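The following block contains the structure, expressed as structure tokens.
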Amino acid sequence: MTAFFPLDTVRIRLQVDDARKARSLPFYDVVDIAQEEGVLSLYKGLYPVVTSLVCSNFVYFYTFRALRSVLTSDGHGQSALQDLLIGTVAGVVNVLTTTPLWVANTRLKLQGTKLKSGEPSHYPHYDGMIDAFVKIIRQEGVKALWSSTIPSLILVCNPAMHFMMYEAMKRRLRNRLSVKELSALSYFLIGGLAKCVATTATYPIQVIQAKLRAGQLSGNSTKHSEFAKILHLLRSRGIIGMYKGLEAKLLQTVLTAALMFLCYEKIVVFVFRLMGFQGPVKK
């Protein structure tokens with residue numbers, strides 16, 4: 001995540017700043033931000049994002065593995081549909097548990113930034129995650145910490161699709177090659193390919209999610225006003241406009257997910273062998 005963090009910075013800027021134009025390659029966007037605000041601005045909010053990512057992945061992977069262990073303990077085999085359902089439940093648990101973390105770190109990433117749209121930053125100065133929680137609750141209410149819950153729940157299909165396709169491709173490749181364990185390169189490639197498909201399919205919802213977390217679509221008085229702003233965003237940007245920043249997101253998230261699944265498989269095998277299971281772990 002640290003290695004690809006500048007791409008995440010580009011992604012969030014393109015999603016929330018309507019006036020910033022996406023360059024032909026994400027590398028040029030990285031250079032633009034570095035020239036405008038300095039190299040360190042590319043890593044603004046790194047610690048809270050890494051903290052949120054660690055907590056989120058722990059909740060998701062722990063829930064997924066626990067549910068799958070329970071459902072397959074009676075000897076029934078695994079299927080893509082089962083992985084999709086388990087992934088969905090794990091995603092819902094993850095969203096309800098960790099959404100406040102992501103709202104806080106989005107504010108931390110954007111505080112002090114100069115949007116090309118000219119929209120002023122209305123956030124107070126946050127000194128960290130805890131301070132962000134306190135000030136958001138004090139000024140906007142507890143509900144603001146879960147401001148992106150609805151699109152986040154819809155986006156549960158992203159990791160669910162990711163896991164379903166990853167597990168399906170892994171099983172098929174194992175059967176085709178007649179092996180119990182795949183190579184590190186195979187885990188890397190199928191992890192990246194699965195994430196690429198899932199991210200492309202759900203990216204417009206991620207744009208709405210980012211704007212809600214940034215407080216740009218929050219209604220002043222009623223839920224209708226918030227919904228109206230979302231509709232206005234969809235009309236003003238159009239379908240193509242809702243994919244602005246996709247290149248940076250794909251490059252960052254696919255490489256991160258590929259490395260994550262590679263490490264995940266190796267760590268699972270190591271832990272199970274450490275616990276006394278010799279030989280490849282059958283999953």
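Between (1) 1, 6, 13, 17, 19, 18, 14, 9, 4, 1, 0; (2) 1, 5, 11, 16, 18, 16, 13, 9, 6, 4, 2, 1, 0; (3) 1, 4, 9, 11, 13, 13, 13, 12, 9, 7, 4, 2, 1, 1, 0, 0, which entry matches P(r) over Cα pairs in 5 Å bins from 0, in percent as derived from the coordinates of this structure?
(2)
Sequence gap at least 6, Cα distance under 8 Å: using those rules, report the relative contact order of region 128-257 to the nearest whole percent. It would help to have the intermediate numbers written out before the result.
Details: 81 pairs, mean separation 35.8, N = 130.
Worked out over region 128-257, it gives 28 percent.
To test your reading of the geometry: what angle, between 0 and 90 degrees and rounded to tens, separates the Cα axis of helix 80-110 from the longest principal axis of the chain?
For 80-110 against the chain, the angle is about 30 degrees.
Using R₀ = 30 Å, calculate the FRET efficiency as 1/(1 + (r/R₀)^6) where r is the Cβ-Cβ separation of GLU37 and LEU153; round to 0.05.
Working: r = 33 Å, r/R0 = 1.12.
FRET efficiency, GLU37 to LEU153: 0.35.
Which whole-number percent gives the relative contact order of the chain, counting Cα pairs below 8 Å spaced six or more residues apart? Intermediate results must be reported in sequence, preceding the final value.
Working: 308 pairs, mean separation 67.7, N = 283.
With pairs under 8 Å counted, the relative contact order is 24 percent.
Next up: In degrees, nearest 10, range 0 to 90: what is the angle between the Cα axis of helix 246-274 and the longest Cα principal axis of the chain?
In the chain, helix 246-274 runs at an angle near 40 degrees to the longest axis.
Can you compute the charge dipole magnitude of the chain about its Cα centre, using +1 on each Lys and Arg Cβ and -1 on each Asp and Glu Cβ, nothing else charged? Give it in debye, rounded to the nearest 20.
That gives a dipole near 500 debye.
Where a number appears in this text, it was derived from the coordinates with a stated rule and is not lab data. All values reported here derive from a predicted model rather than from experimental measurement. Neighbour counts are summed over all protein chains in view; Cβ atoms, including those assigned to glycine, are modelled from backbone coordinates with ideal geometry.
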